[in-house]
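Student: Sharing a structure with you now.
The values are calculated or read from the model by the stated rules, or taken from the named source; none is laboratory data. Model, not experiment: these values are computed from the prediction. Cβ atoms come from the backbone with ideal geometry, glycine included; neighbour counts cover every protein chain shown. We work out accessible area using only protein heavy atoms, side chains counted, and drop any ligands, DNA or RNA first. Shrake-Rupley method; radii C 1.70, N 1.55, O 1.52, S 1.80 Å.
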Amino acid sequence: MSVHRICGALAAFALLIPAGAPAAGFQDVLDVPAMSSQLAAKGLINGLAQAGQRVVGVGQRGHVVYSDDQGKSWRQAKVPVSSDLVAVSFPTPQKGWAVGHDGVVLASSDAGATWTKQLDGRAVGEL
């Protein structure tokens, strides 16, 4: 079989595959809450901030962890997305912001124990 026939057959086959078709079972990280994990505090932490005396860290897969004993023990926060988070800031001891991939902006009003999505890349596209 010639190279031209092989290339032609591959090109014809490629036309049968829908472009941009999502994989079966795909779930967008913007729609999936961060999974609870006992290992969350051992994962990559991309950003740290102080919320009063509390230390709050953000990282991969939407994980947010916080410590009230200077990092001796950590608890995982409830987060509505599983997109990687890269930075966190607390202008007051209770109110904080976290940002991440996919245009994610999260807010907390309880020193980082729970978070709500304020904005994401899809919403920005609609604006």
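Student: Can you go through VAL88, VAL124 and tell me which one is of a type in the set (Val, Ile, Thr) and in contact with a strand residue (DSSP E or B) (Cβ under 7 Å, 6 or more places away or on another chain)?
Tutor: VAL88
Student: Next question. For residues that are touching a Gly at 6+ places or on another chain (Cβ under 8 Å), small (Gly, Ala, Ser) and under 18 Å from PHE90 (Cβ atoms), tally how many sit in the stretch 40-61.
Tutor: Summing the residues that are touching a Gly at 6+ places or on another chain (Cβ under 8 Å), small (Gly, Ala, Ser) and under 18 Å from PHE90 (Cβ atoms) in the stretch 40-61 gives 5.
Student: Of all residues in the stretch 82-127, which are in a loop (DSSP other than H, G, I, E, B), over 14 Å from GLY59 (Cα atoms) and touching a helix residue (DSSP H, G or I) at 6+ places or on another chain (Cβ under 7 Å)?
Tutor: ASP120
Student: Let me ask you something else. Quickly run through the stretch 98-110 and pick out the residues that are open to solvent by 40 Å² or more (accessible area, probe 1.4 Å) and under 19 Å from LEU44 (Cα atoms).
Tutor: Result: VAL99, HIS101, ASP102.
Student: Please tell me if GLN60 is in contact with a helix residue (DSSP H, G or I) (Cβ under 8 Å, 6 or more places away or on another chain) and at pLDDT 95 or above.
Tutor: no
Student: Then there's this: Quick one: in the stretch 42-97, which of the residues that are closer than 20 Å to ASP120 by Cα and of a type in the set (D, E, K, R) is most open to solvent (accessible area, probe 1.4 Å)?
Tutor: It comes out as LYS78.
Student: Pick from the stretch 1-55 the residues that are at pLDDT below 55 and assigned to a loop (DSSP other than H, G, I, E, B): which of them is farthest from the chain's Cα centre (by Cα)?
Tutor: Only one residue tops the list, namely ILE17.
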